[in-house]
1. Which peptide among 232-240, 158-166 comes first, and what is the full order, when sorted by highest mean count of other Cβ atoms within 10 Å?
2. Return the loop-located trypsin sites (Lys or Arg not before Pro) in segment 7-99 (DSSP other than H, G, I, E, B) with at most 13 other Cβ atoms within 10 Å of their own Cβ; answer none if there are none.
3. May I ask for the net charge around Val7, where only other residues with Cβ less than 14 Å from the Cβ of Val7 are counted and Lys, Arg are +1 while Asp, Glu are -1?
4. If a/c stays under 1.5 just call it rounded; otherwise compare a/b with b/c (prolate if a/b is bigger, oblate if not). Do that for segment 53-110, with a ≥ b ≥ c from the square roots of the Cα gyration tensor eigenvalues.
5. Rank-order 245-253, 340-348 by packing density, defined as the average count of other C-beta atoms within 10 Å over each peptide's residues, highest first.
6. Shape verdict for the chain, please, from the Cα gyration tensor: rounded (a/c under 1.5), prolate (a/b greater than b/c) or oblate.
7. Gln47: net charge of surrounding residues, Cβ under 12 Å, Lys/Arg +1, Asp/Glu -1, itself excluded?
8. Report the antiparallel proportion of the DSSP beta bridges in the chain as a percent, rounded to a multiple of 5.
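Values quoted throughout were computed directly from the atomic coordinates according to the rules given, and no laboratory measurement underlies them. Worth saying up front: this structure is predicted, and the values here are computed from it rather than measured. So basically every Cβ, Gly included, is an ideal-geometry build from the backbone, and we count neighbours across all protein chains shown.
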Amino acid sequence: MKQSVDVAAYIWPAYTGKEPRSRVFWPEGIGEWETVKKTFPCFDGHQWPRKPLWGYQDEADPTVMEGQIREALAHGVNVFIYDWYWYDGRPFLEQCLNDGFLGAKNNRDMKFYLMWANHDANYLWDYRNASEDYRSTAIWRGITDEANFRVIGKRWLDQYFTLPNYYTVDGKPVIAIYELTNFISNFGSVERTKEMMNWLNEEAKKYGLPGIHFQVIHTGVIQNLSGVDSSRTSEDVIRELGFDSITNYQFAHMVNVNRPYGEALPDVKKEWDRLANAFSVPYYPHVSLGWDNNPRHKTLFKPKILRENTPEAIEKAMRDAKQFALDHGVSLITVNSWNEWTEGSYLLPDDLYGYGYLEAIQKVFKD
C-alpha cells in the first residue's frame, strides 16, 4: 500500500573505499568508517563511540544495498536522497549510488533523487586535521562554471533523471541544490542562474520529460548572499529564481541545537510554519535525528550537541511532520539522515538504540 506521505532520507555516500580520491581524507581505504572507528568520548556521559549493528558495510556493494533497501522500505523510508558531488571537473563519491544502490537487484522498489552538495571540500572530513581552522583551506571548491554545469546537467539526464525509480513531482525529476550562494556564483548573477535553470528545463524536454523540479535546501533563517548582491536575502533570491520547492538538511541550520531534542522541536515546528508561509511553493518539512559532529574532530571539542534524541523523541517529531505535511497538502518529508554517523544523525541500527529510530518511523508511517 502506498504511503500517504513519502519519507526521504539523505545518504552521505562516503562509506566505501572504492573512491580513489577519498584517500586524501581516509587513507586506510574504507571511507569515513575510518573516522567512525576512531571515535572516542569527549566527556563523561558522552554517547560515543557508537557502533553499527550491521557492521562497517561497504555501501558501494550492491548486496549490502539490497539489504538496506529492504529494511528501509519495511520501516517506512521509501526515498533515498543521495548527496552528489562534483569537484575539479569530475564527480566525487558516485560509487555508492552507481555501484551500490543502482546495482542492487531491488533498487527499483525504492525511489531516489539527487542533492547537489555543492559546498567546498575542506579538512572537515579529515579528523586528523579538522582543528579550529579546518574551514580555512579548500581542498576542492564547490563552485564550478557554466561549461561544467552543462556537462553536469547532461550527466544527470543521461544517468539518473530518466530512470523509472527517479523521484518526480508532476512528472518532473527533482534536483535539490544545497548551497545557494555557490549555485549562483557558478554563473555570476541571479539572472544568468535563472537562464541556466531554464536551459536544463529545455534539455529535459528533449529527453521526453516535462521539465525539472528545482528544490532548494534552506540552510538559514535569513542569509545575505555576500559577493552576489548584498541587498538580496536568500529568500528573495529563491523567489526570483523560481525554485519549485523548499526543504532543509539539518536542524542545526534551523534552530539552536545545543539543548535537549524535546526543547528544540517546538522551535523547529515554528520554522516549518514560517517557511511554509514565506513562499508560494511547497515547503517539505524536515526532521533530523540529532546533531553531534565531534567524531570528525580529533583535538577540537564542539559543545553544540542535540541531546536526548531518543527513539521516542524521534517518533514525536515524525508524527508532527506527518501531520504538518497532511495539513499543508504536501506529500514528502526529508530526514537527516540514513547514515550521517559522524554528525550523530542516522537511522541505521546501532549499539545504543538498536532499531529504535527505524521502528519510530515504522510506527508513524507503516502501522
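1. Result, highest mean first: 232-240, 158-166.
2. Here the sparse-neighbourhood loop sites are Lys38.
3. Net of charged neighbours comes to 0.
4. It comes out prolate by the Cα gyration axes.
5. Peptide ranking by packing, descending: 340-348, 245-253.
6. Rounded shape, in that the Cα axes give a/c under 1.5.
7. Neighbourhood net charge equals -2.
8. That works out to approximately 30 percent antiparallel.
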